[in-house]
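K.L.:
Sharing a structure here in structure tokens format.
No value in this document is a laboratory result; all are computed from the given coordinates. Model, not experiment: these values are computed from the prediction. Here the Cβ is made from the backbone with ideal geometry for all residues, glycine too, and neighbour counts use every protein chain on show.
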Amino acid sequence: MIAVVDYGVGNLFSLKCSLNAIQEEAIITRKEEEIKAADHVILPGVGAFGDAVRKLRETGMFDVVKETAASGTPILGICVGMQLLFERDLEFGTHEGLGLIPGTVDAIEPRIPDQFDVPHMGWNPLHYTKECALFRGLPEQTCVYFVHSYAAFGCDAYVTAEAEYGIPLTAAVQNGNVYGTQFHPEKSGNAGLAILKNFCEL
Amino acid sequence: MITKRIIPCLDVKNGRVVKGTNFEGLKDVEDPVKLASAYSESGADELVFYDITASHEQRKLFTDILEAAASNIFIPLTVGGGINSVDDFERVLRCGADKVSVNSGAIRRPDLIPEAAAKYGSQCVVLSVDAKRVNGTFHVFQNGGRIDTGLDALEWIKDGVAHGAGEVVLNSIDTDGVKQGFDLEMLKAVNAIVRVPVIASGGAGSAADFVELFHEIPEISAGLAASIFHYGEVTIHDLKEELRREGIQVRL
């Protein structure tokens, strides 16, 4: 059973449908016992980091996700859900994240060349920097769908894939049983479904 | 490097795709769910569903179609048409839309853009603009290009982005339907004033028009078209192969 953490952020319709498409049983939940009993946990998210972290705390999911990660259950953070895994972010002031992966989240705009659009939106090829189970069977330069204005920095040791966008942007990370993708596997066609399947088979 | 996006647009009326008449290998080209699925298989990078219905009942039919498509197709979906309020955003986002495009609704009530951006994030708000040359400037038009709002298109787009639109679709009425290529002059002018992605629309008649678009304006993020794909004049796969041969990065 896969538990998708429902903390009031983001559209979970596509994620649920994509898990159905790969024949994985998933529940969308904010019940502590269901999340702790799940074999795999997905932390979704869109919008602003500060807003997401506030809702994560308000729903009590902040501690539940931290404890679930500590128990060794594979966790996948997607987009802002990935950004929440880090220690802190610099969006609208400093917010403290889950601290499951060392690093910070910051705006990409001042760091990329002027001719690059913000948000970083569209299909960008991945460059694998390290072997990671999520990308098993997927060739180098597989395209996946991104939409974000902030990214993770200072986490080189944990980066498993980068997306070249004037500078290499953190596309995927891993720290033990904690995984994250800046891109949306549920919106990345067959490649995305394969990544979700790889996660579910961990 | 990020790839250029190719985006087919499906105009849906009474539950059927308008304009779809000749899509190779597809028996019922007017079925939006089937057509959307065929486009996805063919390599479309995103899909736009445009609701051109009027009544409440038809609106329900539209969201049912959207939901059916979103359950089967795992690429980004944008919905436009009849978006006048944050409630309209909610209605289509709940049925699987990822992005929502505003046009007339934002002209009537410009606060719609900041309201929706605050609630759903800028990445969700697409500003769609129908523009046409009037006395040497670009004006924003309404109601399918029939009414000149008098608004300066460049000012309107600049304001829309400043208030939270995360992407712009620029449809040139001057080139729309003519099939002689995109409106490069208008697109260059818009691209120069915003940093969000700009999608070119209106005028695509062949693969060469897309090649010209991305060669002439390398910053343009995507090309959108309807009839060229619906009538099977060029398949998305063939178009992307042509773009790749021309040195333009695409997802194949």
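K.L.:
Of everything in the stretch A:24-49 that's within 14 Å of chain B (Cβ to nearest Cβ) and either part of a loop (DSSP other than H, G, I, E, B) or of a type in the set (Phe, Trp, Tyr) (or both), which residue is nearest to A:Asn190 (Cα to Cα)?
P.N.:
Going through the qualifying residues, I end up with A:Glu24.
K.L.:
Please verify whether A:Thr104 is hydroxyl-bearing (Ser, Thr, Tyr) and either crowded, with 24+ Cβ neighbours inside 10 Å or within 16 Å of A:His148 (Cα to Cα) (or both), treating the condition exactly as stated.
P.N.:
For A:Thr104, the condition - hydroxyl-bearing (Ser, Thr, Tyr) and either crowded, with 24+ Cβ neighbours inside 10 Å or within 16 Å of A:His148 (Cα to Cα) (or both) - is met.
K.L.:
Can you name the helices (runs of 4 or more DSSP H) wholly within the stretch B:1-116 that have at least 2 residues being surrounded by fewer than 23 Cβ atoms within 10 Å (Cβ to Cβ) and within 13 Å of chain A (Cβ to nearest Cβ)?
P.N.:
Qualifying helices (runs of 4 or more DSSP H): B:32-42, B:56-72, B:86-93.
K.L.:
Another question about this same structure. Yes or no: A:Phe199 touching a Gly at 6+ places or on another chain (Cβ under 8 Å) and touching a residue at least 24 places away in the same chain (Cβ under 8 Å)?
P.N.:
Judged against the criteria, A:Phe199 is not a match.
Residue-by-condition table, conditions (1) farther than 25 Å from B:His215 by Cβ; (2) of a type in the set (D, E, K, R):
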site	(1), (2)
B:Val140	yes, no
B:Arg146	yes, yes
B:Ala153	no, no
B:Thr175	no, no
B:Val178	no, no
B:Gly181	no, no
B:Met186	no, no
